[in-house]
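The values are calculated or read from the model by the stated rules, or taken from the named source; none is laboratory data. Here the structure is a predicted model, which means the values were calculated and not measured. Glycine gets a Cβ as well: all are built from the backbone with ideal geometry, and neighbour counts include every protein chain shown.
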């Protein structure tokens, strides 16, 4: 009988530890992302130098530029800089003629591909400045992907 009890005690011990380990894994998985990823940072989008003025958006964050009536459009216009609250992550600036991906790092600073340098400014700051209405040849290989 002792062998029988020992056999099941070992199984329960391993099973019990397995249950505790499973509970710990589930608890950490449901805890969510680290606090740094949840912190919102004020990022200013400045496209005021664009001529003629146009509308722009950051999908999922600002109103869409694809409404049917331009006069009642809620989308942001390039005539004024706008401050957005963005969490660290990847985003996209979109206008009717120029769009590109950009990111916000854990320090709340803007990041984007070096190939955009002639049309976009503000890397390492909290202001993304758009200087081009259209994408111009940059003389190199594209180093970003959608």
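Among the residues of the range 61-78, write down those that are in a loop (DSSP other than H, G, I, E, B) and either at pLDDT below 95 or buried (at least 17 other Cβ atoms within 10 Å of the Cβ) (or both). Before you say what the answer is, go through the steps one by one.
Looking only at the range 61-78, we keep the residues that are in a loop (DSSP other than H, G, I, E, B), and these are 61-69, 73-75, 78.
Hits for the range 61-78 are 62, 63, 64, 65, 66, 67, 68, 69, 73, 74, 75, 78.
Only residues that are modelled with pLDDT of 95 or more, surrounded by fewer than 17 Cβ atoms within 10 Å (Cβ to Cβ) and part of a strand (DSSP E or B) were counted across the range 79-106, and they come to 8. Only residues that are at pLDDT below 95 and either surrounded by 18 or more Cβ atoms within 10 Å (Cβ to Cβ) or closer than 14 Å to residue 82 by Cβ (or both): list them for the range 120-133, please. 133, the sole residue that qualifies.
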